[in-house]
Amino acid sequence: MSTVRRFLPVRMQRVALTARDEDLAAVLEVVGAAGTVELEPVAGGDRGADPLTAMLTGATHRDCCAALPGWCPADARAPLAARIAPFGGALVPLPAPPGVDPPTLLAPAGAAHRAFAPLVRTYGTVPYTDLDPTLPAGIAYVLMFGMMFADTGHGLLLAAAALVLRGCGRHRLRRLHPLWPLLLAAGLVSAAFGALFGECFGPTGVVPALWLEPMADPVRLLVAGVVLGGVLLGAAYTAGVVNRWREGGAAAALYAPSGLAGAGVFAGAAAVAAGLYAGRVPIVAAGAGLALAGLGLAAAGLRAAAGRGGAAVAQIAVQLFDLVIRVGANVVSFARLAAFGLTHAALGAVVWAGATAAWRLGGGWPVAGVALFVAGNAVTFGLEALVAGVQALRLEYYELFSRVFESTGRPFRPWRLTPAGKEEVHA
């Protein structure tokens with residue numbers, strides 16, 4: 001599989017499953033066992049019956065022959081056609097119905113892709129024409145989580161829990177087993193950010209700060225969070241431009257707020273901010289020009305959709321204002337990466353200060369200091385893991401996916417016939 005194809009859903013083929021009336025049941029048993037075709041029974045099928053009977057009654061019958069339309073992965077059509085041919089069946093390729101998108105089946109991938117898939121699946125199904133954002137979305141998620149959960153000790157504990165989950169065979173945890181690469185990556189990235197911030201179960205001094213100390217330099221951390229957010233937004237706009245092109249051609253890619261028009265506003269605003277920070281007037285002017293050009297493209301696209309008249313002009317003005325506000329608000333929203341990173345550091349500092357104070361009291365208090373340290377870190381770990389996980393997901397969905405997706409698709413659901421279903425039919 002080529003590198004480009006790995007980021008695209010599996011290519012689907014519209015097909016018709018055909019057979020003589022007397023052969024249809026045998027052909028359907030082979031198709032149901034293969035589980036590679038999504039069949040669509042016509043109206044009037046007995047949907048309350050067992051799966052095979054429902055499909056038999058839902059077929060279109062004419063001149064002693066029966067047919068069922070559906071979708072099949074293009075690469076799977078020829079092998080399945082060869083399997084059903086001895087039973088009197090055929091899998092005939094058909095043109096796709098106009099205006100109907102095929103169902104989406106993402107290309108099979110490794111453990112990391114399976115672990116990151118729920119991040120996208122809980123948002124919606126990737127449209128058939130769009131890029132598969134699973135791996136980039138997973139990378140973005142662990143980066144954001146790691147910056148908010150920045151502590152080497154806590155990160156290594158999370159990584160250790162992931163390894164335990166990987167080798168755990170208990171039935172209750174079996175459903176969570178595919179998520180271990182996500183937890184492992186989140187733990188390792190959190191540990192890396194903890195090393196950058198000098199945090200290991202709080203400001204214990206076990207690891208030196210390789211970059212900055214959050215409580216001593218919060219402004220610098222805030223800027224870092226916004227910059228990371230800007231990079232992630234730039235990647236989301238890039239994916240959005242590609243998706244708009246694949247969905248609606250050059251016009252959609254050029255004029256859509258999540259296409260080049262919105263990307264121009266975003267890039268122009270970023271250039272203006274960078275120019276103001278550096279004190280470079282030419283950069284400010286260039287950024288302002290780029291942002292205005294993006295607004296002009298967006299206005300042209302909105303005008304084509306809104307039509308003419310005073311109401312259309314008002315609608316365009318409101319939507320352009322919303323575009324500008326959303327760009328600014330979405331960038332600023334990434335400041336929460338720094339805010340929750342500071343919260344984590346502050347909680348760690350409070351626990352460490354209390355534990356060391358109890359330890360210094362002497363007598364029986366050293367035990368109390370150790371207990372306070374362990375209990376405080378346990379509470380901090382659980383609370384901050386939950387908060388960082390939710391906030392990273394919120395940023396992924398509202399700030400990033402809103403630019404990657406214009407809509408959602410529908411999943412590919414192949415028709416399968418279980419052994420129990422066969423026994424009922426033949427009984």
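Note the full-extension length gain between A335 and C65 as 0.36 nm times their separation in residues minus their Cα-Cα distance, in nm to one decimal. Write down the numbers at each step before the final one.
On the way: separation 270, 0.36 × 270 = 97.20 nm, distance 6.42 nm.
Working it through step by step, the gained length comes to 90.8 nm.
Once the dipole of the range 2-127 is set up with Lys and Arg at +1 and Asp and Glu at -1 on Cβ about the Cα centre, which of P97, L39, Y123 lies farthest towards its positive end?
Y123
Can you give the helix-only mean residue ellipticity at 222 nm for the chain, where every DSSP H stretch with n ≥ 4 adds -39500 (n - 2.57) and the sum goes over all residues, rounded to the nearest 500 deg cm²/dmol?
-21000 deg cm²/dmol
Tell me, what % of the accessible area of the range 104-171 is carbon and sulfur with a 1.4 angstrom probe?
For the range 104-171, the apolar C and S fraction of the accessible surface comes to 70 percent.
Compute the length gained on full extension between D75 and A375: take 0.36 nm times their separation in residues and subtract their Cα-Cα distance, giving the result in nm to one decimal. Don't skip to the end; give the middle numbers.
Working: separation 300, 0.36 × 300 = 108.00 nm, distance 5.59 nm.
Contour length minus the Cα-Cα distance gives 102.4 nm.
Count charges around G198 for me, please; just the other residues with Cβ under 14 Å from its Cβ, Lys/Arg as +1, Asp/Glu as -1.
On the way: positive: R220; negative: D151, E199, E213, D217.
Net of charged neighbours comes to -3.
Say each of Q315 and V281 gets a label point 7 Å from the Cα, pointing the same way as Cα to Cβ; how far apart are those two points in nm?
4.2
Translational diffusion coefficient of the chain at 10 °C, 1.306 mPa s, Stokes-Einstein with Kirkwood Rh over Cα pairs, in µm²/s as a whole number. The partial results should precede the final answer.
On the way: Rh = 25.6 Å.
Value of D from the Cα-based Kirkwood radius: 62 µm²/s.
FRET efficiency for L210 and R20, Cβ-Cβ distance as r, R0 = 60 Å, nearest 0.05?
Details: r = 73 Å, r/R0 = 1.22.
Efficiency at R0 = 60 Å is approximately 0.25.
Compute the helix-to-body angle for 281-306: its Cα long axis versus the longest principal axis of the chain, expressed 0 to 90° and rounded to tens.
Computed tilt is about 30 degrees.
Taking 0.36 nm per residue of separation and subtracting the Cα-Cα distance, what length does fully extending R174 through A349 add?
Residue separation times 0.36 nm, minus the Cα-Cα distance, leaves 59.4 nm.
Around G328, under 13 Å between beta carbons, what's the net of Lys plus Arg minus Asp minus Glu among the other residues?
Working: positive: R326; negative: D322, E399.
The answer is -1.
Report the FRET efficiency, 1/(1 + (r/R0)^6), for V367 and L292, where r is their Cβ-Cβ distance and R0 is 60 Å, rounded to 0.05. Mind dumping the intermediate values first?
Numbers: r = 67 Å, r/R0 = 1.11.
Efficiency, rounded to the nearest 0.05: 0.35.
Roll a 1.4 Å probe over the protein chains and send me the accessible area per residue for the chain in Å².
Per-residue accessible area for the chain comes out at 50 Å².
The values are calculated or read from the model by the stated rules, or taken from the named source; none is laboratory data. Please read these numbers as outputs of a predicted model, since none were measured by experiment. Glycine also receives a Cβ, built like all others from the backbone with ideal geometry; neighbour counts cover every protein chain displayed. Areas reflect the complete protein model, heavy atoms only, side chains present, ligands, DNA and RNA absent. Shrake-Rupley method; radii C 1.70, N 1.55, O 1.52, S 1.80 Å.
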